[in-house]
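One structure is given here, and the rest of the page talks about it.
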Amino acid sequence: MRKIFLGFIFILIFGLIIASIIKGYEIKNDIENNGKASVGKYIKREWGKEPSNIIRYYDNGKEYESDGGRAPQGFEKNIGRFYRISYSEKYKGSLHADFTHEVTDTAEILNAGFRLIDGKIR
């Protein structure tokens, strides 16, 4: 009886791991094939097991913050700058930031949903 219970627990854990891997690939595929291109602001870097590069962006006037993926070593000096992003409308908060393409065009940044307050883009 104990072996059956342990086998069931093992199969359940294995199934959950496989399901999370499949979900991750589904989200990545949605961003690559159906992702909406926009501009995001690199606002902070959080440290944990792996550093998270937090990006702020707007979708239909609503503000979102999400991990933009990996950035080069020492990249936190670029906090406050704007970069091209591709995000999923289906999976809110899922995005990929392209840290190699900085956006400096004010009109493009404002069209992405950011506002100009006291001469600064916020």
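Taken together, the values in this text are just the output of simple stated rules run on the coordinates, not laboratory data. None of these values were measured; they are calculated from a predicted model. All Cβ positions, glycine included, derive from the backbone under ideal geometry; neighbour counts span all protein chains shown.
Please compute the net charge surrounding residue 100, taking Lys and Arg as +1 and Asp and Glu as -1 over other residues with Cβ under 13 Å from its Cβ.
Here the charged neighbours net out to +1.
Just one of (i) 37, 16, 12; (ii) 27, 14, 12; (iii) 20, 16, 14 is semi-axes √(5λ) of the Cα gyration tensor in Å as worked out from the coordinates here. Which one is it?
The value computed from this structure is option (i).
Excluding residues fewer than 8 places away in the same chain, name every one of the lysines whose C-alpha is closer than 17 Å to that of residue 62.
Reachable lysines: 36, 41, 90, 92.
Can you tell me which lysines have their Cα less than 16 Å from the Cα of residue 44? Leave out same-chain residues fewer than eight positions away.
Residue 44 reaches 77.
Could you please rank 90, 28, 3, placing first whichever residue has the fewest other Cβ atoms within 10 Å of its Cβ?
In order of increasing Cβ crowding within 10 Å: 3, 90, 28.
At R0 = 35 Å, how high is the FRET efficiency between residue 45 and residue 105 if r is their beta carbon distance? Nearest 0.05 is fine.
Between residue 45 and residue 105 the formula returns 0.90.
If you average the C-alpha positions of the stretch 76-122 and of the stretch 3-29 separately, how far apart do those two centres end up, in angstrom?
Each part's Cα centre sits 35 Å from the other's.
If each of residue 16 and residue 28 carries a label point 7 Å out from its Cα toward its Cβ, how far apart are those two points in nm?
Here the modelled spin labels are 2.2 nm apart.
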